[in-house]
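For reference, the structure discussed in these notes is given below.
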Amino acid sequence: MELELEPLNFPSDQERPCVIAGPCSAETEEQVMTTARQLAAKGCHMFRAGVWKPRTKPGGFEGNGEAALPWMKLVKEETGMLTATEVATPEHVELALKYGIDILWIGARTSANPFAMQSLADSLKGVDVPVLVKNPVNPDLELWIGALQRINQAGIKKLGAIHRGFSSFDKKIYRNLPMWQIPIELHRRIPQLPIICDPSHIGGRRDLIAPLCQQAM
């Protein structure tokens, strides 16, 4: 299966692969900047933080929205790290680009909805920005590929996939089951597509991060 792709050219070094890290959500400027400085000192390549947070039920913290975007801009200016955040609507895309976010990612709930994916794809036409698409919450490879195709057909050639695991009623060890056979099959079918592992969402526990990263590599 062919997608029209260009290299992501994400920063890395000789000692280890590209590392993307940061808080789940951008809660305060102090939290964002403190975390960013510590990560930059450790050699992190890209800073990620959720500005808009989709919640399963109403009433939870859904992010600071546009108010958090200047903090992300400050991270880039002070540390030099690239910045990334999740977008779920055309308005999110417009605001993220307005504030100079370097990389956009599309979450698992959004990638499971073809109507939402097409709406995002339409909003990205004519834009040159890397886009990373997380696997859908359910283990459906065709749905994941369809989401990637919609973004690619909008003209986005700097495209990557994020493996963040799959929801399961029976949780066991992992918060989201890795089901490695699915990203492996994605790689077999689209070998030129970069795949990034999200060990935090798969594991849900700090002690699982390192072994999950090793398995992914």
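The values are calculated or read from the model by the stated rules, or taken from the named source; none is laboratory data. Because the structure is predicted, anything quoted here is derived from the model rather than measured. Every residue, glycine as well, gets a Cβ built from its backbone with ideal geometry; the counts of neighbours run over all protein chains shown. Protein only, heavy atoms only, side chains kept; ligands, DNA and RNA dropped before computing areas. Shrake-Rupley method; radii C 1.70, N 1.55, O 1.52, S 1.80 Å.
Details
- Accessible surface of region 1-52 [probe 1.4 Å, protein heavy atoms]: carbon and sulfur percent: 47
- About the Cα centre, charge dipole magnitude for region 1-103 (Lys/Arg +1, Asp/Glu -1 at Cβ), debye: 400
- Percent of Cα pairs exceeding the 26 Å cut-off, where the set is the chain: 32
- Counting only residues at least eight positions apart within a chain, or on another chain, the lysines with an alpha carbon under 18 Å from that of K134 are K53, K157, K158.
- Using alpha carbons only: equivalent-ellipsoid semi-axes of region 134-189, gyration tensor based, whole Å: 24, 11, 9
- Expressed per residue, the C-alpha convex hull volume of region 63-121 stands at 75 Å³.
- The modelled label-to-label distance for the pair Q153/E66, using points 7 Å beyond Cα in the direction of Cβ, is 3.2 nm.
- Sites L97 and R188, calculated FRET efficiency, Cβ-Cβ separation with R0 41 Å, nearest 0.05: 0.75
- Computed from phi, the 3J(HN,Hα) profile of region 172-177 under the Karplus parametrisation 6.51, -1.76, 1.60 (θ = phi - 60°) reads 6, 6, 9, 5, 10, 5 Hz, with x in place of Gly and Pro.
- Taking Cβ atoms as reference points and 9 Å as the exclusive limit, the residues near S123 contribute a net charge of -2, counting Lys and Arg as +1 and Asp and Glu as -1.
- Placing +1 on each Lys and Arg Cβ and -1 on each Asp and Glu Cβ, with no other charges, gives the chain a dipole about its Cα centre of roughly 580 debye.
- For chymotrypsin sites (Phe, Trp or Tyr not before Pro), the sites in region 112-169 that DSSP calls loop and that have at most 15 other Cβ atoms within 10 Å are F169.
- Sequence-distant residues sharing a close amide H with L82 (under 5 Å, placed H): F47
- Loop-located trypsin sites (Lys or Arg not before Pro) in region 31-119 (DSSP state other than H, G, I, E, B) with a sparse environment of at most 15 neighbouring Cβ atoms within 10 Å: K42, R55.
- For region 1-89, alpha-carbon Rg relative to the globular expectation (2.2 N^0.38 Å, N residues): 1.22
- The distance separating the Cα centre of region 170-217 from that of region 85-106 comes to 24 Å.
- Principal axis dimensions, region 2-50 - Cα atoms, whole angstrom, descending: 42, 26, 11
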